[in-house]
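Bear in mind that the values in this text are calculations on the coordinates, not laboratory data. Computed from a prediction, not measured in an experiment: that's the story for all the values here. Cβ: placed from backbone, ideal geometry, glycine included. Neighbour counts: every protein chain shown.
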Amino acid sequence: MHNASEKSAPRQSRALFIDRDDTIIRDACYLDRPEGVVLLPGARRALQRARRTHRLFLFSNQSGIGRGYYGWEQADAVNARMFRLLGIGDPLFDAVCMAPESPGRPAVYRKPSPRFILECIDQFALDPDACWMVGDRLSDIQAGLRAGIRAALVTHGNPVAPELADYLRAHAVPVYPTLGDCVAAIQADPAVAARADPRRAAASVG
Ligand SMILES: [Mg+2]
């Protein structure tokens with residue numbers, strides 16, 4: 001079912017929902033300074049390639065806002081720095097969700113809530129069978145699965161805790177060492193690659 005839809009879905013209805021910390025940039029633990037942004041190896045190229053075949057959405061839990069550690073302006077400044085370092089062009093993401101809730105508070109957008117994904121599926125007329133949530137934590141995976149899309153874990157060399165490994169196995173969630181490997185695997189279906197928008201592909205090769 002998934003494969004058939006993935007093959008037939010146009011680029012506009014395929015999407016990757018991508019976590020930020022320890023998926024695109026190094027998790028600096030309540031990062032509140034733009035100068036603290038460090039891209040993970042291969043992240044830039046992975047996103048360049050991903051946007052040829054998929055819409056991209058950034059989906060990050062930022063409980064530092066809810067905890068009062070930093071404000072929206074600082075969070076936005078960190079993102080702006082990340083976008084500059086990526087240097088891929090604007091807008092890279094069709095929508096950005098920074099979920100500010102702290103744990104223990106009622107979660108609206110905070111992963112594992114699937115709300116942001118579900119709203120984007122509706123708003124952008126996405127095909128759930130052609131969408132993935134990509135991240136480094138259980139909450140990323142759960143948000144994706146609860147939204148009815150597929151999910152993949154990237155480790156960037158970090159060990160996978162046994163209970164997380166059990167969950168991934170039980171739900172047939174693939175694991176990749178880097179975002180680049182993950183994107184390559186999702187794009188491995190040649191039918192998907194063949195339908196990439198050639199103008200965007202040409203513009204993003206670099
Ligand atoms: Mg993360």
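For the peptides 128-136, 18-26, the ranking by mean Cβ contacts within 10 Å, running from highest to lowest, is 128-136, 18-26. In sequence order, region 110-117 has phi-based couplings of 4, 4, x, 4, x, 4, 4, 4 Hz under the Karplus curve 6.51 cos²θ - 1.76 cosθ + 1.60, θ = phi - 60°, and Gly or Pro positions carry x. Cys120 sits among other residues whose Cβ lies under 13 Å from its own Cβ, and their net charge, with Lys and Arg +1 and Asp and Glu -1, is -1.
How charged is the neighbourhood of Ala107? Take every other residue with its Cβ under 15 Å from the Cβ of Ala107, and add Lys/Arg as +1 and Asp/Glu as -1. If you can, show how the numbers build up before the last one.
Working: positive: Arg67, Arg105, Arg110, Lys111, Arg115, Arg137, Arg146; negative: Glu101, Glu119, Asp140.
Counting the neighbours of Ala107, the net charge comes to +4.
GNM on the chain, alpha-carbon springs under 10 angstrom: the most fluctuating residue among Leu16, Leu85, Leu31 is Leu85.
Rounded to the nearest Hz, the phi-derived 3J(HN,Hα) couplings of region 151-162 under the Karplus curve 6.51 cos²θ - 1.76 cosθ + 1.60 (θ = phi - 60°) are 9, 9, 9, 10, 9, 6, x, 6, x, 8, 4, x, where x marks glycine and proline. Measuring between their Cα centroids, region 41-58 and region 69-91 lie 16 Å from each other. Backbone N atoms of region 111-131 closer than 17 Å to the 7 Å Cα→Cβ label point of Arg67 belong to residues 111-112. Here the sum of -39500 (n - 2.57) over DSSP H runs of 4 or more residues, divided by the residues of the chain, equals -11000 deg cm²/dmol at 222 nm, to the nearest 500.
Around the Cα centre of region 2-204, unit charges on the Cβ atoms of Lys, Arg, Asp and Glu (plus for the first two, minus for the last two) sum to a dipole of about 460 debye.
In this simple spin-label approximation, Ala80 and Asp166 carry label points 7 Å from Cα along the Cα→Cβ vector, and these lie 4.6 nm apart.
All other residues whose Cβ lies under 15 angstrom from that of Leu164 are scored, Lys and Arg at +1 and Asp and Glu at -1, for a net of -3.
Each pair of Cα atoms in the chain enters the Kirkwood radius, and Stokes-Einstein at 25 °C and 0.890 mPa s then converts it into a translational diffusion coefficient of 143 µm²/s. Taking a spot 7 Å from the Cα of Val108 along the direction of its beta carbon, which residues of region 8-50 have an amide N less than 16 Å from it? The answer is none. Working note: Karplus 6.51/-1.76/1.60 with θ = phi - 60° gives region 63-79 the couplings 5, x, 6, x, 7, x, 6, 7, x, 4, 4, 5, 4, 5, 5, 5, 4 Hz, where Gly and Pro are set to x.
Here region 1-83 is treated with +1 on each Lys and Arg Cβ and -1 on each Asp and Glu Cβ, and its dipole about the Cα centre works out to around 620 debye.
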